[in-house]
1. Identify all residues within region 45-70 that are open to solvent by 90 Å² or more (accessible area, probe 1.4 Å) and hydrophobic (A, V, I, L, M, F, W, C); write none if there are none.
2. Against the condition open to solvent by 30 Å² or more (accessible area, probe 1.4 Å) and either within 15 Å of Leu725 (Cα to Cα) or aliphatic (A, V, I, L, M) (or both), how does Pro799 come out, does it pass?
3. Hey, among Glu468, Glu482, Glu434, which residue is in contact (Cβ under 8 Å) with a residue 40 or more places away in the chain, touching a strand residue (DSSP E or B) at 6+ places or on another chain (Cβ under 8 Å) and open to solvent by 20 Å² or more (accessible area, probe 1.4 Å)?
4. Can you confirm whether region 265-287 contains a residue that is under 10 Å from the mean Cα position of the chain (by Cα) and surrounded by 23 or more Cβ atoms within 10 Å (Cβ to Cβ)?
5. Pairs, please: C-beta under 6 Å, at least 6 apart or cross-chain, first residue of a type in the set (Gly, Ala, Ser) and in region 244-259, second part of a loop (DSSP other than H, G, I, E, B) and open to solvent by 10 Å² or more (accessible area, probe 1.4 Å)?
6. State the number of residues belonging to region 418-440 that are in a helix (DSSP H, G or I) and more than 20 Å from Arg294 (Cβ to Cβ).
7. Does Gly293 qualify as being buried (at least 22 other Cβ atoms within 10 Å of the Cβ), in a helix (DSSP H, G or I) and modelled with pLDDT of 95 or more?
8. Just a yes or no: is a residue in region 698-707 at pLDDT 95 or above and open to solvent by less than 20 Å² (accessible area, probe 1.4 Å)?
Amino acid sequence: MSKQVTLTINGKQVTVPDGLTVADAAKVAGIDIPVFCHHPKLEPVGMCRMCLVEIGRPMLDRATGQVVMENGQPKIQFMPKLETACTNRVSEGMVVMTTSDKAVDGQKGTVEFLLTSHPLDCPVCDKGGECPLQNLTMQFGPGQSRFNYAEKLHLEKQVPLGELIWLDRERCIQCARCIRFQDEIAGEAVLGFDERGRNTQIISISDPGFDSVFSGNTTDICPVGALTTADFRFGARPWELKAQASVCTQCPVGCNTTLNTRREAKAGGDIVVKRVMPRQNEEVNEIWLCDKGRFAYHYTEGKERLTKPMIRKEGKLARASWDAATKFAAEKFSANKKDFVVLASGRLANEDLFNLKSLADTAGGTAILYSDMGGGELTQLVGVGAGTNIGTMGKGDAISVIASDLYEEAPIWWLRIKQAADRGATLIVANPRETKLDRFAKYTIRYAYGDEMKTVADFGKKSKIADEFAKAKNAMVFFGSEGLGVTGTSALASACAALLKDTDHVGRPNNGLVGVWQRANDQGAFEVGFKPEADLEKALKGKAVYIVGADPVGDDPNLAKALKGAKFVAVQDILETATTEIADAVFPAQAFTEREGTFVSGERRVQRFYAAVPAKGDSRPDFAITSMVAKQMGIILEGSSPSVVFDILANSLDAFNEVSYERLAEVNGQWPIVGRGDLYYGGTTYENTHGLGVQLIPVAQVGGTVRISKVRKEAALRPKEKELLAVPVNRLYDLGVTIQSAELLGQRVGEAFVSMHSATVKKLGLEVGQPVKISFDGINAEAVLKVDDTISTGVVLVPRSMGIAIREPVVARVQSRSEGKVK
């Protein structure tokens with residue numbers, strides 16, 4: 001335990017860890033000190049003066065240095081003036097008075113000065129109802145102002161800092177919370193102050209404006225209505241909203257969220273999601289969200305939602321009853337049991353995946369995970385130990401990130417790993433090109449695409465990096481799919497697992513392997529037995545295919561060709577897609593906002609989400625639909641309750657034996673203490689009252705045998721003259737089905753592009769910013785050409801899910817559009 005300090009606040013004796021500020025110590029004691037600029041996640045600055053209190057300290061004898069005693073008690077000496085509770089650290093014997101006449105007069109004076117030029121527009125302000133200034137004005141503000149209205153400073157009311165965040169300069173109180181968050185927490189100092197004195201203003205100092213994937217967090221911690229999101233502003237009043245706990249479905253981090261909903265006239269009287277807010281979980285996302293997780297929820301309410309079952313009649317899809325549609329599919333699957341394939345993605349909940357896998361196993365079919373990444377069986381063996389919390393890692397620990405651009409793939413992991421590096425952890429980033437995590441790394445390793453295995457092998461050799469990693473108290477490895485497909489990632493995972501085992505960094509908290517999966521519940525899919533297929537086209541050709549939560553036709557022309565030659569295709573999804581268009585049967589599924597379920601994060605934390613809005617049309621949960629299909633095939637699967645499905649899952653899989661819906665709903669105390677009752681302290685983030693989740697225990701931690709099979713990696717491709725190595729990379733904002741309907745993110749998605757080194761561009765006679773033609777493996781596509789001089793010559797980067805079907809590294813040709821038809 002850290003050193004403890006005892007002090008007295010308002011006559012109450014309090015013992016807290018040494019190093020806390022007086023404001024934070026008071027919070028621990030259940031005593032609220034009003035603040036504006038102070039936030040428990042930020043360094044104290046004492047800018048607003050709202051937390052003025054009286055502070056006394058034991059008087060010391062100058063000659064002896066000993067505490068002066070008076071009537072058997074330390075003599076307390078108070079400073080003649082008030083002090084800020086946010087900048088003063090606690091000390092032994094300190095006495096604090098927060099509600100004395102002198103302190104209250106100081107607090108009242110601060111509020112009065114803040115209101116001298118603050119607009120009286122609470123009735124139309126988005127922050128009204130959850131505004132710290134509004135609340136503290138009611139408590140400390142004057143009944144009327146002593147300042148002349150004519151002297152109020154008038155500034156711009158609607159200033160777009162970027163396309164996602166708007167600034168009202170009249171409402172800003174210059175607390176600098178937004179500036180400090182971007183600098184200290186996000187590590188992206190894209191906001192700053194301009195002008196001086198009363199004319200001080202917040203400005204964006206990046207191009208494009210507010211260029212950060214964490215921008216939405218500034219609206220949560222802004223203590224007034226100065227910063228609002230383009231998504232929510234003028235959309236609803238906070239007191240109209242209901243709140244329901246959920247989990248973000250956009251990446252493997254598993255951020256805890258709260259869905260705010262209300263009944264909406266323009267939605268035809270339906271209850272809709274109005275905004276996504278962070279829900280505190282200090283071991284997952286703390287109190288932060290990335291902008292993708294905050295704004296990309298609109299697909300659940302899109303016009304393309306499927307609401308009725310359909311079957312193909314006379315070449316056209318027509319509505320059918322659930323009984324007719326499931327019976328139709330079941331008959332086809334039963335008639336083709338030897339060729340029955342279930343293709344499902346990590347967008348699905350554990351309950352859905354378990355029922356699908358059970359159906360495939362019982363019917364004698366194959367269960368395939370729709371993913372470009374392998375290695376999930378290794379995270380079950382040597383994944384991070386139960387009790388892992390990146391937030392506790394620092395000096396003496398090591399974190400390695402290989403073949404992953406975390407900023408683009410899992411931003412909150414990027415944020416937390418960056419903070420671990422700030423605390424002194426050794427960060428090792430290995431990637432063929434520059435990433436945003438590099439500037440926080442102690443060691444940066446560049447390797448050629450195709451040399452991932454060699455790079456990991458070098459960790460085991462005598463070198464400064466290898467020695468520091470091996471001797472680290474705790475060590476974690478995050479591996480991704482940069483430039484790799486299923487085979488390559490499987491080999492990389494094997495090499496990373498072997499490294500961790502050889503250096504004794506398995507089987508304990510804060511040690512082990514983490515996959516930077518492409519979807520939220522890919523880890524859950526691996527847990528229940530799904531596996532990806534390297535040659536997916538071959539695996540689907542001529543089969544009876546049950547596709548759930550995936551759009552292979554829209555993603556890849558080669559997969560579309562394979563499915564058009566399939567014996568039968570049933571598609572289960574929430575949206576109309578290119579794959580539903582070619583299906584023989586279509587089942588409408590409920591979105592995660594409309595049902596209960598669980599996900600397993602990349603850190604193998606099982607987390608529960610809850611229904612926030614009613615289901616659309618006649619849609620049903622995926623696990624229930626699968627149960628209906630199974631029943632028509634003579635197979636009994638639970639389909640009425642997700643908790644019952646989970647209980648069956650837990651009894652069937654060893655890793656889940658001790659997990660239940662009840663355990664997943666358990667909570668305990670967290671620091672900092674945040675909640676909607678004290679908005680001025682922690683912001684508008686929600687307290688977690690619905691569950692912190694349960695981490696699964698890897699085989700290495702329970703003392704099981706850990707055998708890591710070496711996966712043979714195919715030889716690296718070597719392009720010939722006039723050919724390039726096309727490698728897949730991941731982007732945060734892409735054209736995937738969960739992003740397309742989020743119009744607000746359109747500017748960040750942009751258009752399809754490929755990137756090359758400037759020397760390669762010059763050699764091929766191409767022009768930057770102009771469309772080029774790229775061809776490989778029967779794929780012909782056009783994209784805008786960009787330059788990235790951090791990559792090797794002879795390489796072309798092709799982003800996944802941006803209109804060009806690429807699943808693994810391939811040899812490609814790139815030509816200008818004027819060169820004619822691509823061969």
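The values are calculated or read from the model by the stated rules, or taken from the named source; none is laboratory data. Everything numeric here is computed off the predicted structure, so don't read it as measured data. Every residue, glycine among them, receives a Cβ derived from its backbone with ideal geometry; neighbour counts consider all protein chains shown. Please note that ligands, DNA and RNA were not included when accessible areas were found on the heavy atoms of the full protein model with its side chains. Shrake-Rupley method; radii C 1.70, N 1.55, O 1.52, S 1.80 Å.
1. Leu60, Ala63, Met69
2. Taking the combined requirement at face value, the residue does not satisfy it.
3. Residue meeting the stated conditions: Glu468.
4. Checked against the condition, which is being under 10 Å from the mean Cα position of the chain (by Cα) and surrounded by 23 or more Cβ atoms within 10 Å (Cβ to Cβ), region 265-287 yields at least one hit.
5. Listed pairs, sorted by first residue: Ala245/Tyr610; Ala245/His690.
6. Qualifying residue count, region 418-440: 6.
7. Spelling it out, Gly293 is indeed buried (at least 22 other Cβ atoms within 10 Å of the Cβ), in a helix (DSSP H, G or I) and modelled with pLDDT of 95 or more.
8. Scanning region 698-707, I find at least one residue that is at pLDDT 95 or above and open to solvent by less than 20 Å² (accessible area, probe 1.4 Å), so the answer is yes.
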